[in-house]
Amino acid sequence: MSAHLKRIATHIWILSAFLALVLSVKAFGQDEAVNYRFMFYNTENLFDIFDDPAIDDDEYTPEGELHWSFTRYRKKLNNIARVITSVGGWEYPDVIGLCEVENFQTLMDLTTQTPMKNAGYRIIHENSPDQRGIDVAMLYKPERMTLLSQKLLPVGDGTSWTSRDILLCMFGVRQDTLSVIVCHWPSRSGGAASSAPRRDIAAKILRNAVDSLQRTYNEPKILIMGDFNDEPTDNSLSSILKAKKYGDNPAANGLFNLSYNDLVAGRGTLVHTEINKTWYAFDQIIVAGALLGNNKLSVKPPKTLIFSQDWLIQNGRPFRTYQGPRYLGGFSDHLPVFLDMVIKP
């Protein structure tokens, strides 16, 4: 055999060996359990600097009351990216639920103009009819899960008021299906009691969506995350949505609030008032019982974790971007929550 043919044969052998190695690694990976991380974060007004005449965003412009500048916007993006990166640890979270984002462009800037640019996230976002223009959104890794469908569930009474839509997405995850829902329920503006009926309406809309999934699919796997502006024991969550405290032998079609223990332990994700510095557990993750127990796709351990670091806290509360009109340069007035899920072969 000539030297030229020997070189060709050697190259073919190396290529064949490399392909065999790749295929064997891929096959081996399918036989192993895989961990997934899900997180939710209220970003506290992630606005760009441009005026949108269709929404009430005037204060978040350079000429507005808050003097929102390009420099402050860039710092905000990098702050959020730092939080997301830290929650991910060695790997970025697989799915990120977000709220209080103004538009698709802010999400593009977050995922392409910060250290997150190499994470490869896909964006799920549609504009909501919220008067301030703040929306819910989702980021996910397409190499880890496949988006099968997405839809918005309008929130409002149909006549006098509207709020942020509820975002419902279905994913294919290693030959299984997972529904992920992101919420940002109506605020407590005007008082908790007077605003409660609006959150009750949001809870009914979400409950109807869960019932529809459970009528359509056999014991569907559902993960709900969001800022509910209510705590786990409030009427909207405990009675209308019927999200209960996790216990042994959970019913597959039940809903279980994995943030309940945070409330009991006095842990929270935001401080709602300046005076008493009380922590509230408004940011929560709720799952269907089909995700609990010894199933192929399951939450391990069966609880939500609040991500809190010293650099995220200032004066006993989350280090936020603004306190009233005063610019602080922090991260958000909320702490993020996350949970881990394991998918067995």
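The values are calculated or read from the model by the stated rules, or taken from the named source; none is laboratory data. All values reported here derive from a predicted model rather than from experimental measurement. Here the Cβ is made from the backbone with ideal geometry for all residues, glycine too, and neighbour counts use every protein chain on show. These accessible areas exclude ligands, DNA and RNA; they are computed on the full protein's heavy atoms, side chains included. Shrake-Rupley method; radii C 1.70, N 1.55, O 1.52, S 1.80 Å.
Here is the figure for the stretch 287-310: residues that are open to solvent by 70 Å² or more (accessible area, probe 1.4 Å) and either farther than 28 Å from GLU219 by Cα or hydrophobic (A, V, I, L, M, F, W, C) (or both) total 2.
So, in the stretch 107-118, of the ones that are free of Cβ contacts under 8 Å to residues at least 60 places away in the same chain and open to solvent by 10 Å² or more (accessible area, probe 1.4 Å), which residue ends up nearest to the chain's Cα centre (by Cα)?
THR111
Only residues that are open to solvent by 40 Å² or more (accessible area, probe 1.4 Å) and on the phi > 0 side of the Ramachandran plot were counted in the stretch 39-73, giving 1. Note on the stretch 119-133: residues that are more than 17 Å from LYS151 (Cβ to Cβ) and either open to solvent by 40 Å² or more (accessible area, probe 1.4 Å) or at pLDDT 95 or above (or both) total 5. Taking first residues from the stretch 230-251 that are closer than 14 Å to ILE201 by Cα and partners that are acidic (Asp, Glu) and part of a loop (DSSP other than H, G, I, E, B), the Cβ contacts under 6 Å between residues at least 6 apart in sequence or on separate chains come to SER236/ASP230; LEU237/ASP230. Among the residues examined, VAL25 does not qualify as over 12 Å from ARG132 (Cα atoms), open to solvent by less than 30 Å² (accessible area, probe 1.4 Å) and at pLDDT below 95.
What are the pairs with Cβ atoms under 8 angstrom where one residue, in the stretch 203-222, is at positive phi and the other, located anywhere, is of a type outside the set (S, T, N, Q) and not in a helix (DSSP H, G or I)? Sequence gap at least six, or different chains. Between residues of the stretch 203-222 that are at positive phi and residues that are of a type outside the set (S, T, N, Q) and not in a helix (DSSP H, G or I), the close pairs are GLU219/ALA252; GLU219/ALA288.
Has the stretch 277-286 got any residue that is assigned to a loop (DSSP other than H, G, I, E, B), farther than 28 Å from GLY158 by Cβ, open to solvent by 30 Å² or more (accessible area, probe 1.4 Å) and touching a His at 6+ places or on another chain (Cβ under 9 Å)? For the stretch 277-286, residues assigned to a loop (DSSP other than H, G, I, E, B), farther than 28 Å from GLY158 by Cβ, open to solvent by 30 Å² or more (accessible area, probe 1.4 Å) and touching a His at 6+ places or on another chain (Cβ under 9 Å): present.
If you filter the stretch 78-102 down to residues that are at pLDDT 95 or above and more than 16 Å from the chain's Cα centre (by Cα), you find that the one that is surrounded by the most Cβ atoms within 10 Å (Cβ to Cβ) is ASN79.
Does ARG326 count as without any contact (Cβ under 8 Å) to a residue 12 or more places away in the chain, within 24 Å of ARG82 (Cα to Cα) and not polar (S, T, N, Q)? Walk me through how you get there before you give the answer.
On the way: without any contact (Cβ under 8 Å) to a residue 12 or more places away in the chain: yes; within 24 Å of ARG82 (Cα to Cα): yes; not polar (S, T, N, Q): yes.
Against the criterion (without any contact (Cβ under 8 Å) to a residue 12 or more places away in the chain, within 24 Å of ARG82 (Cα to Cα) and not polar (S, T, N, Q)), ARG326 qualifies.
Scanning the stretch 174-219 for residues that are surrounded by 22 or more Cβ atoms within 10 Å (Cβ to Cβ) and within 19 Å of ILE285 (Cβ to Cβ) yields LEU178, VAL180, ILE181, VAL182, CYS183, HIS184, TRP185, ARG199, ALA202, ALA203, LEU206, VAL210. Somewhere in the stretch 321-337, is a residue among the basic types (Lys, Arg), closer than 22 Å to ASN78 by Cβ and open to solvent by 50 Å² or more (accessible area, probe 1.4 Å)? Yes, because at least one residue in the stretch 321-337 is among the basic types (Lys, Arg), closer than 22 Å to ASN78 by Cβ and open to solvent by 50 Å² or more (accessible area, probe 1.4 Å).
For the stretch 134-156, the set of residues classified as surrounded by fewer than 20 Cβ atoms within 10 Å (Cβ to Cβ) and hydroxyl-bearing (Ser, Thr, Tyr) consists of THR146, SER149, listed by residue number. Do we find a residue being open to solvent by 10 Å² or more (accessible area, probe 1.4 Å), touching a Pro at 6+ places or on another chain (Cβ under 8 Å) and among the aromatic types (Phe, Trp, Tyr) anywhere in the stretch 225-246? Taking every residue of the stretch 225-246 in turn, at least one turns out to be open to solvent by 10 Å² or more (accessible area, probe 1.4 Å), touching a Pro at 6+ places or on another chain (Cβ under 8 Å) and among the aromatic types (Phe, Trp, Tyr).
Residue count for the stretch 257-272 satisfying the condition of being aliphatic (A, V, I, L, M), open to solvent by less than 10 Å² (accessible area, probe 1.4 Å) and either within 20 Å of SER239 (Cβ to Cβ) or in contact with a Cys (Cβ under 8 Å, 6 or more places away or on another chain) (or both): 1.
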